[in-house]
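The values are calculated or read from the model by the stated rules, or taken from the named source; none is laboratory data. Keep in mind that what you see is a predicted model, and the values were worked out from it rather than measured. Because the Cβ atoms are built from the backbone with ideal geometry, glycine has one as well, and the counts that use them run over all protein chains shown.
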Amino acid sequence: MLNSTLFNTDRFTIVRKDRPYQNAPGGGVAVLVRKHLVVSEDSVVSLVDHDAQETIWCEVRNMEGKDLLLGAIYRPPSSPVENNDRICDLLKMSEEVTRNKQLLVCGDFNYGNIMWEENRVENGSQGYGQAMHFLETINDNYWTQNITDWTHLRDDDNPSRLDLVFTRTNSEVDNIRYLAPLGRSKHAVICFTLTVDSRPKEYTSTSSKLNYHKADFDKMRDLFCQVHWEETFSNKSVNEKWSVFTEHYNRAVKVCVPSYKKNAGRFRPK
């Protein structure tokens, strides 16, 4: 267990949660915040007291009095199903209790089988069900996952993306850099700029998006099976066939794929 005096406590306030020694020696999570910023755990006590292992939450108030909810999470590769479910429950709770505040959640989640750009979990991968539950939780919160490159590389393993950074919009994190690991760690040091704006966002535009993750593909398949394709395509050119197909496809999507409106952003960048 590291003593807090090893850090520069004259410059930083340290919020930490150590791993119980009976689980394994050492380990835990910590957040270091510069002294000129106000840090509080009291306003997010429901998150702080949650029974998910190795998670820490605090609110950081900027110079203009606006609060940022900051969460740091470590999910071990051997994390039991019960703890995985608690983490998902905790993420849902963090969204519910702080919807009017800016949010930043970072950590090593050890879900290397999630294909974030494709919004899916690698088929047949180990821990598929738990990874899918986690991905569904992020989708239900409408959060943005900002890390786009590999963050973990071991000599005998393929590179993987284990370390993640979540915000509510895609306009808050910028200038992401992946630096060399510290000491014997195999994880990259991730540096980025977080845009914090004291002015409330003016909601001037929204965009409607299709949530294929929650689509009813069985129903869509049934709709396609009801079409007599050979008869439908008979005596038609390729372009005409394509036009007919897209018409049927769009009808099926309208019926089977839910949509949602997502705000362009909660914070206007400076």
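Going through (1) in contact with a strand residue (DSSP E or B) (Cβ under 8 Å, 6 or more places away or on another chain); (2) more than 23 Å from S185 (Cβ to Cβ) one by one, Q130 falls short only on (1). Annotation note: of V244, V257, the sole residue that is surrounded by 14 or more Cβ atoms within 10 Å (Cβ to Cβ), within 30 Å of Q102 (Cα to Cα) and not aromatic (F, W, Y) is V257. Does at least one position in the range 173-185 carry a residue that is hydroxyl-bearing (S, T, Y) and at pLDDT 90 or above? Yes: one or more hits. Looking across the range 1-16 at every residue that is in contact with a strand residue (DSSP E or B) (Cβ under 7 Å, 6 or more places away or on another chain) and in a loop (DSSP other than H, G, I, E, B), the one that is modelled with the highest pLDDT is identified as R11. Exactly one of (1) of a type in the set (A, V, I, L, M, F, W, C); (2) assigned to a strand (DSSP E or B); (3) surrounded by fewer than 20 Cβ atoms within 10 Å (Cβ to Cβ) is unmet by L103. Its number? Of everything listed in (1) of a type in the set (A, V, I, L, M, F, W, C); (2) assigned to a strand (DSSP E or B); (3) surrounded by fewer than 20 Cβ atoms within 10 Å (Cβ to Cβ), L103 misses just condition (3). In this structure, F245 does not satisfy being aromatic (F, W, Y) and under 27 Å from I138 (Cα atoms). The set of residues in the range 154-198 that are touching a residue at least 12 places away in the same chain (Cβ under 8 Å), in a strand (DSSP E or B) and aliphatic (A, V, I, L, M) comprises L164, V165, V173, I176, L179, I190, L194.
All conditions but one from (1) surrounded by 13 or more Cβ atoms within 10 Å (Cβ to Cβ); (2) more than 21 Å from P77 (Cα to Cα) apply to L153; the one that does not is (2).
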